[in-house]
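Take a look at the structure set out below.
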Amino acid sequence: MSGGQVSLDRRPVLRGIDLTVRSGEVVAVLGANGSGKSTLVRALLGLAPLSGGSTLLYGKPPARFREWWRIGYVPQRLSVGGGVPATIREVVASGRISRQSRFRPTSAADAAATARALEAVGLADRAGDPVQALSGGQQQRVLIARALAGEPDTFVMDEPTAGVDAASQQLLADTLSGLVEQGRTVVLVAHELGPLEPLVTRAVVLRDGCVCHDGPPPKAVGAHALPGHDHVHPHAEERPAGPLDWRPTS
Amino acid sequence: MIDLLRYDFMQRALIAAFLVGLAAPAIGTFIVQRRLALLGDGIGHVALTGVALGFLTGTAPVLTAVVVAVLGAVAIELVRARGRTSGDVALALLFYGGIAGGVLLISLAPGGSNATLMSYLFGSISSVTVQDVQVIALLAVAVLGVVAVFGRELFVLCQDEEVARAAGLPVRLLSLLIAVTAALTVVIAMRVVGLLLVSALMVVPVATGQQLTRGFRSTMLLAMLFGMTATVGGLASSFYVEVPPGALIVLVALGGFVLALGLGRFVRRSRSQESQP
């Protein structure tokens, strides 16, 4: 992405972002709530429209990109639809969609990849259960398994650790380290890295819609950029002083 | 049941009911998952304008209804996807426009009155012709074909539109496909239960199915079974007790839902006791 700019309701959320993710990197996008982390990864994939600049996926703009199987997107949370149940296996198997052809039935390779993905997140024994009955951490595992099932080169994860219990976080870290060993690329949004910290090769810290740090993970740059440190209210300091504050009172 | 099949009109009606009972819940499952349960109603109201247009221009009302319903469905989808208006407001706008347009056009048609519309509003399955059955069969096959071929993609789309986009699916095309398929379903179901009750066949069997199942596929299959039972069962019963078949079909479906609600609660309780000994 170069000069990436995103506006929501004409309010700029991201301003002039230049970011290139290289193959094999594990990039963590960090920042306070409301700093535009999720918007950034969504814009990288062309899911959030850019109001300026451009973004390329493997050298192509999103509209002309065809190799979507190379990307596994993990959204922030599982949307459970209008109450129609779906089993864990059905949701995970749907991760194969960009590798499937419309007129060909589900293949043995699809079933095998689905089974491997379920195994990797430790949900194989519950594959027939409805996803609606799972806890937040378990639903997160389903989402990750869905991306795993597609066997992509690049994983893009939006807050995979938010609201997830410690066991699921550790499982995510183990899964990711396996992927990193295979040379996959990972871009993840996080508020706190937790057990993921040793895996991250590069950290991009956002502040007010701009990149304020891009380089080695925050451990090296001191306590200031440490996750968990930046908990100030995102708009606390930038709020313009209104005329009532500004006028001297008697 | 045998004496019922002796009448030609009843044979035709039963075939129509069977096909509708099968097709409507199939596409209905995706519509419910997409939180557009009232889409069928919206399209149904618009189709009324199409029916009236048919009378006004002297063409077959079913054909004009198909054209207008498809246009209406596409309009709903565009408003939903582009506009700031939420889906339900977009639907409401079409409800009013469709009914008003239908009543206005029918009054302009030679010899037409609101009474002419009644058989379309509330269905008139016993008057279906051989040609009607052929059209219904063709459209039902089209609807089931769409579900069979695009089912996997529609599942991803209805689950999470953003994930569908990130998987490279043609989101806009698939959304239009759902809308158009729903429109076709509305028109074929129009003769069976009437435009005002069309949506019931797309929604109620699905709501019934999901009380008892854990998966998407099983919900859809069960919904199709329930839909078929309701349409055929309701129609057959209406032959013996002199009541409008459309209303009876919907009430049978609703009765099934109430039963499933109780049964589902029981099934879930025994399941959770199983998993927590």
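The residues of segment A:40-55 that are open to solvent by 50 Å² or more (accessible area, probe 1.4 Å), of a type outside the set (Gly, Ala, Ser) and assigned to a loop (DSSP other than H, G, I, E, B), listed by number, are A:Pro49, A:Leu50. Filtering segment A:86-106 to residues that are surrounded by fewer than 23 Cβ atoms within 10 Å (Cβ to Cβ), part of a loop (DSSP other than H, G, I, E, B) and touching a helix residue (DSSP H, G or I) at 6+ places or on another chain (Cβ under 9 Å) leaves A:Gln100, A:Arg102, A:Phe103, A:Thr106.
Here are A:Leu179, A:Leu196: which of them is aliphatic (A, V, I, L, M), in a helix (DSSP H, G or I) and at pLDDT below 80? Only one candidate qualifies: A:Leu196. Being without any contact (Cβ under 8 Å) to a residue 40 or more places away in the chain and under 27 Å from B:Val141 (Cα atoms) is a condition met by at least one residue of segment B:73-94. Identify all residues within segment A:10-39 that are within 14 Å of chain B (Cβ to nearest Cβ) and part of a loop (DSSP other than H, G, I, E, B); write none if there are none. Of everything in segment A:10-39, just one residue is within 14 Å of chain B (Cβ to nearest Cβ) and part of a loop (DSSP other than H, G, I, E, B), namely A:Arg10. Checked against (1) more than 12 Å from the chain's Cα centre (by Cα); (2) surrounded by fewer than 24 Cβ atoms within 10 Å (Cβ to Cβ); (3) closer than 30 Å to B:Glu77 by Cα; (4) hydrophobic (A, V, I, L, M, F, W, C), B:Phe226 passes all but a single condition, namely (2).
Taking residues in segment B:148-165 that are more than 7 Å from chain A (Cβ to nearest Cβ), and partners anywhere that are charged (D, E, K, R) and open to solvent by less than 20 Å² (accessible area, probe 1.4 Å), the pairs with Cβ atoms closer than 9 Å and at least 6 places apart or on different chains are B:Ala164/B:Glu153. Scanning segment A:154-209 for residues that are under 19 Å from A:Arg141 (Cα atoms), among the charged types (D, E, K, R) and touching a residue at least 60 places away in the same chain (Cβ under 8 Å) returns A:Asp158, A:Glu159, A:Arg184.
Restricting to segment A:109-137, name every residue that is open to solvent by 10 Å² or more (accessible area, probe 1.4 Å), in contact (Cβ under 8 Å) with a residue 40 or more places away in the chain, in a helix (DSSP H, G or I) and not small (Gly, Ala, Ser). Across segment A:109-137, the qualifying residue is only A:Gln132. Of all positions in segment B:211-234, none carries a residue that is of a type in the set (Phe, Trp, Tyr) and free of Cβ contacts under 8 Å to residues at least 60 places away in the same chain.
Residue-by-condition table, conditions (1) open to solvent by 30 Å² or more (accessible area, probe 1.4 Å); (2) touching a Lys or Arg at 6+ places or on another chain (Cβ under 6 Å); (3) within 29 Å of A:Ala147 (Cβ to Cβ):
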| residue | (1), (2), (3) |
| --- | --- |
| B:Leu108 | yes, no, no |
| B:Leu117 | no, no, no |
| B:Phe122 | yes, no, no |
| B:Ala140 | no, no, no |
| B:Val163 | no, no, yes |
| B:Leu173 | yes, no, yes |
| B:Leu177 | yes, no, yes |
| B:Val193 | no, no, no |
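Looking only at segment A:138-162, residues that are assigned to a loop (DSSP other than H, G, I, E, B) and within 15 Å of A:Val26 (Cβ to Cβ) come to 4 in all. Scoring A:Arg104 on the criteria (1) within 28 Å of B:Ala148 (Cα to Cα); (2) at the interface with chain B (Cβ under 8 Å from one of its Cβ atoms) leaves a single failure, condition (2). Within segment A:62-72, if we keep just the residues that are open to solvent by 20 Å² or more (accessible area, probe 1.4 Å) and either farther than 18 Å from B:Val171 by Cβ or outside any loop (DSSP other than H, G, I, E, B) (or both), the residue that is nearest to the other protein chains (Cβ to nearest Cβ) turns out to be A:Trp68.
Within segment B:67-81, the set of residues being surrounded by fewer than 22 Cβ atoms within 10 Å (Cβ to Cβ) and under 21 Å from B:Gln134 (Cβ atoms) comprises B:Val67 only. Restricting attention to segment B:212-223, which residues are open to solvent by 30 Å² or more (accessible area, probe 1.4 Å), facing another protein chain (nearest Cβ under 10 Å) and within 15 Å of B:Leu261 (Cα to Cα)? Result: B:Leu212, B:Arg214.
Taking the criterion of being over 24 Å from B:Leu225 (Cβ atoms) and open to solvent by 40 Å² or more (accessible area, probe 1.4 Å), the residues of segment B:124-138 that qualify are B:Ser126, B:Ser127, B:Thr129, B:Val130, B:Gln131, B:Gln134, B:Val135.
The values are calculated or read from the model by the stated rules, or taken from the named source; none is laboratory data. On a predicted model such as this, the values are computed, not experimentally measured, just so you know. Heads up, the Cβs are rebuilt from the backbone with ideal geometry, glycines too, and the neighbour counts pull from every protein chain shown. Side chains are part of the model used for accessible areas, which takes the heavy atoms of the whole protein and leaves out ligands, DNA and RNA. Shrake-Rupley method; radii C 1.70, N 1.55, O 1.52, S 1.80 Å.
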